[in-house]
């Protein structure tokens, strides 16, 4: 379990995280989303005791990270897969990490096999591709068999196979009952991996929701096409739906679901050519939510509507 | 703490730079012995009164002097290579108790530098003695047992420089900046101090790290850019201060700074 309570982090005059609160529970994959510069990495650094909170608290299993005696046995983290010394062999890199937390050497072999790097264990990390480094970083996070896992942008720069591997691994870790937090700026990726979403922008919480709730919230009604729109509109309005005519003669109905609309049209003998449940994609929902908080966004011309 | 020391030891011995630095140190010691062979030849060709001016000790001390620089470089790299690659964050995530991390690094680099330092200084002394054989150089007339303690003391200067390098690395986080600072303290500063007007060149020259071993061992500072005003105990305290004060400052900053 990860708890962030009223966390604020300022660097000089810049506020990176601003009174942020959320909880990440075990057994789920929680996506930590936000545009670049939203404060995701800062939050993770504070959670890991690398940066100090200006105020508020960031707790792992109820404790500050720096109070954990052998932290890798409770929390596994991958912040930056590139942050390894190239001259060291993969086996030695995991070896010193294991030793620092009193983890046996056998576990090093196990995680190397688990992430598919057993064949290059004796190779120097400097020659690894980004995907291999990402796997090495994940191996390091898994070393202590921790109940809490944090990954900062784990799919960045990976090929489709690598992305799928990470996705399946994250789901499997959560299915074991672990707490899994993954940061990303790609909603399309989180849509496939995460159960819950914590969305932040400019250091503030924008949404703390499940993927399904977010999809429901951005449901845009049902698109209905009929040769007798006036009759249909009257009937739907009477049934309590809100009807909005579209320029091409179709109507968008909110307040009634597809089945209710179909049943009503059948009862009145109104032919329907199309009934489409129209929801905004999560990507669109995300863009809408974070539209005001992208730090380095190009100015978009607002469409006249 | 045991885990932390074991992890840092594994780190140090799993990168090539460690072996390069130690190899350079060893090769230079071999070079000192070759120079001693050359001096033995020179000795053989000199008249009796010119032999009275031929000193071997400066050559014998060259190895320790170079080892100080080499191990200081290793001390710098031991931490700045982590800052350069960002691996420091992994280290601090594995060992969030930062004082423990720094102490473990200091213990490992200090121990390696002490062993290397003693090997070089004692090796240079015994090796050059063996090379000159029975030739009675004017400064080699005492027994080995009599002169050995001075070289043992000189060997302890090497870990002091290694710890100084480590501390500078933590404070500056930059390899280039730390190496320049180390070289400055190692040789440039003593040369500048030597150019000061008397009595300041003598006074400040007495507290330069490179000149402390002589004062601890009670040897004079003739033919040296250093001073010899300190009693043995004070010189030892100053030497320890060069190791511990920067280390304490590094710990103070490391604990407070965002990584």
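The values are calculated or read from the model by the stated rules, or taken from the named source; none is laboratory data. Since the model is a prediction, treat every value here as computed from it, not as a measurement. Note: ideal-geometry Cβ built from the backbone for every residue, glycine included; neighbour counts use all protein chains shown.
Inspect all residues belonging to segment A:25-35 and state whether any of them is in a strand (DSSP E or B), over 24 Å from residue B:99 (Cα atoms), at the interface with chain B (Cβ under 10 Å from one of its Cβ atoms) and touching a helix residue (DSSP H, G or I) at 6+ places or on another chain (Cβ under 8 Å).
Looking through segment A:25-35, none of the residues is in a strand (DSSP E or B), over 24 Å from residue B:99 (Cα atoms), at the interface with chain B (Cβ under 10 Å from one of its Cβ atoms) and touching a helix residue (DSSP H, G or I) at 6+ places or on another chain (Cβ under 8 Å).
So in segment A:52-67, with the set limited to residues that are more than 7 Å from every other protein chain (Cβ to nearest Cβ) and part of a loop (DSSP other than H, G, I, E, B), which one is farthest from residue B:10 (Cα to Cα)?
A:54
What are the residues in segment B:74-110 that are without any contact (Cβ under 8 Å) to a residue 12 or more places away in the chain, over 17 Å from residue A:102 (Cα atoms) and assigned to a helix (DSSP H, G or I), if any?
Hits for segment B:74-110 are B:82, B:85, B:87.
Working carefully through the options B:101, B:114, B:71, find the one that is facing another protein chain (nearest Cβ under 10 Å) and at pLDDT 95 or above.
B:101
Which of the residues spanning segment B:1-23 are away from chain A (no Cβ under 14 Å) and buried (at least 16 other Cβ atoms within 10 Å of the Cβ)?
Result: B:22, single match.
Scanning segment A:83-111 for residues that are more than 7 Å from chain B (Cβ to nearest Cβ) and in a loop (DSSP other than H, G, I, E, B), which turns out farthest from residue B:96 (Cα to Cα)?
A:86
When segment A:112-156 is examined, which residues are found to be closer than 19 Å to residue B:85 by Cα and in a strand (DSSP E or B)?
A:124, A:151, A:152
For segment B:135-253, give me every one of the helices (runs of 4 or more DSSP H) that falls completely inside it and has 2 or more residues that are out of contact with any helix residue (DSSP H, G or I) (no Cβ under 8 Å at 6 or more places or on another chain).
B:144-155, B:175-183, B:189-194, B:200-205
Can you name the residue in segment A:22-66 that is more than 19 Å from the chain's Cα centre (by Cα) and at positive phi and, of all such residues, is surrounded by the most Cβ atoms within 10 Å (Cβ to Cβ)?
Only one residue tops the list, namely A:49.
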